[in-house]
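Notes for the one structure printed next.
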Amino acid sequence: MTLTFASDLGPLWPYLFIFIAGFLATEMWRWIGVLVGARLDETSPVLGWVRAVATALVAGVIAKMLLAPGGSLATTPAALRVVAAGAGLVAYLVFGRRLVVGVAAAEAVLIAGWLALDP
């Protein structure tokens, strides 16, 4: 009988793997971010560039979800996706730039439209 990593730990090995790969691999970078982030100037050009890149990435993901979605979202009409995104944006702006309100409004419009169109 050959013992393997999976057989030694029984059903718990996936959790140990998730802990090692997910937690330990990212925890070092979190602590580096905390240590370095405390010394960053919020008005520095480098931090402005980082914000611009992060905003561009989010915009790209939203554009992909609207224009070329995958999975179940691909079964919804493009007009419904655009209306849901617009409703989310309006809710976000009207309710004091609260992200959770914008996301919830967009989801509600998308789900309601999807259910209304589903025969």
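Which residue pairs have Cβ atoms under 6 Å apart, sit 6 or more places apart or on different chains, and have a first residue in the range 96-119 that is assigned by TED's automatic domain parsing to the domain that holds PRO77 and a second that is of a type outside the set (A, V, I, L, M) and modelled with pLDDT under 95?
TRP114/THR76
Can you tell me how many residues in the range 1-23 are modelled with pLDDT under 75, part of a helix (DSSP H, G or I), loosely packed, with under 10 Cβ neighbours inside 10 Å and of a type outside the set (Phe, Trp, Tyr)? Please lay out each step first, then the result.
In the first step, residues of the range 1-23 are kept if they are modelled with pLDDT under 75; the result is 1-10.
From what is left, the residues that are part of a helix (DSSP H, G or I) are 5-10.
If we keep only those that are loosely packed, with under 10 Cβ neighbours inside 10 Å as well, we get 5, 8, 10.
Keeping just the survivors that are of a type outside the set (Phe, Trp, Tyr) gives 8, 10.
Residues meeting the conditions: 2.
From the list VAL101, VAL53, VAL83, which one is farther than 30 Å from LEU117 by Cα and among the β-branched types (Val, Ile, Thr)?
Working: VAL101 fails: farther than 30 Å from LEU117 by Cα; VAL83 fails: farther than 30 Å from LEU117 by Cα.
Residue meeting the stated conditions: VAL53.
Mind counting the residues in the range 97-117 that are under 20 Å from VAL58 (Cα atoms) and not basic (Lys, Arg)?
Filtering the range 97-117 for residues under 20 Å from VAL58 (Cα atoms) gives 97-107, 110.
Keeping just the survivors that are not basic (Lys, Arg) gives 99-107, 110.
Here the count works out to 10.
Checking LEU47 against (1) touching a Gly at 6+ places or on another chain (Cβ under 6 Å); (2) within 30 Å of VAL36 (Cα to Cα); (3) of a type outside the set (S, T, N, Q): exactly one of these is not met. Which one?
Of the numbered conditions (1) touching a Gly at 6+ places or on another chain (Cβ under 6 Å); (2) within 30 Å of VAL36 (Cα to Cα); (3) of a type outside the set (S, T, N, Q), the odd one out for LEU47 is (1).
Run LEU80 past the list (1) modelled with pLDDT of 95 or more; (2) not assigned by TED's automatic domain parsing to the domain that holds ALA106 and report the number of the one that doesn't hold.
(2)
I'd like the full set of residues that are surrounded by fewer than 10 Cβ atoms within 10 Å (Cβ to Cβ) and over 21 Å from the mean Cα position of the chain (by Cα), limited to the range 38-73.
Listed by number, the residues that qualify are ALA38, ARG39, ASP41, GLU42, THR43, PRO45, VAL46.
The values are calculated or read from the model by the stated rules, or taken from the named source; none is laboratory data. All of these numbers come straight from a predicted model, not from anything done at the bench. With ideal geometry, Cβ positions are generated from the backbone for all residues, glycine too; neighbour counts draw on all protein chains shown.
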